[in-house]
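Enquirer: Structure provided below as structure tokens; questions to follow.
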Amino acid sequence: MRTTTMWLFATLFGCILAGAIVVPGPAPSSSAAMAAAQVQVPADHWRFNDGRWSFWNSGDRRWYYTDGTNWYYYENDGWRPYRFDRTFGREGFERGDYRMPAEGTRTELPRHRVYVAPR
């Protein structure tokens, strides 16, 4: 009786193992299609790129940078002084006594690029 039970479990285990080997998993193209269908909007995060730290704000869908004196945002392949006019800085951010540089004040805009995710 013990030998019969042992042979039965060995046969069952062999069938399960053979089935796992023979039955193919999902095709690579279908998993790639599923990944492409699940496009996620990145959450707010900091990223180090081109020697500088920049901040991605998902509400505004753009990059921000500060040189320690002024804030800038990245738009149309270039940096612009930031005026705190959109959603960034309205929730969970203390603005303090920051003032936009006055008209005519010479400020040197950053020259580094931002990270662009591959498509």
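The values are calculated or read from the model by the stated rules, or taken from the named source; none is laboratory data. Quick caveat: nothing in here was measured; it's all calculated off a predicted structure. Cβ coordinates were reconstructed from backbone atoms using ideal geometry, including for glycine residues, and neighbour counts include every protein chain displayed.
Enquirer: Among the residues of region 18-39, are any at pLDDT 80 or above and either out of contact with any Pro (no Cβ under 9 Å at 6 or more places or on another chain) or assigned to a loop (DSSP other than H, G, I, E, B) (or both)?
Expert: No.
Enquirer: Could you tell me which numbered condition Phe84 fails, if it satisfies all but one of (1) on the phi < 0 side of the Ramachandran plot; (2) modelled with pLDDT under 85; (3) in contact with a strand residue (DSSP E or B) (Cβ under 9 Å, 6 or more places away or on another chain)?
Expert: (1)
Enquirer: Let me ask something else about it. Kindly indicate the residue of region 91-119 that is surrounded by 10 or more Cβ atoms within 10 Å (Cβ to Cβ), of a type outside the set (Ser, Thr, Tyr) and farther than 22 Å from Ser58 by Cα and also modelled with the lowest pLDDT among those meeting that condition.
Expert: Applying the filter and picking the extreme gives Met100.
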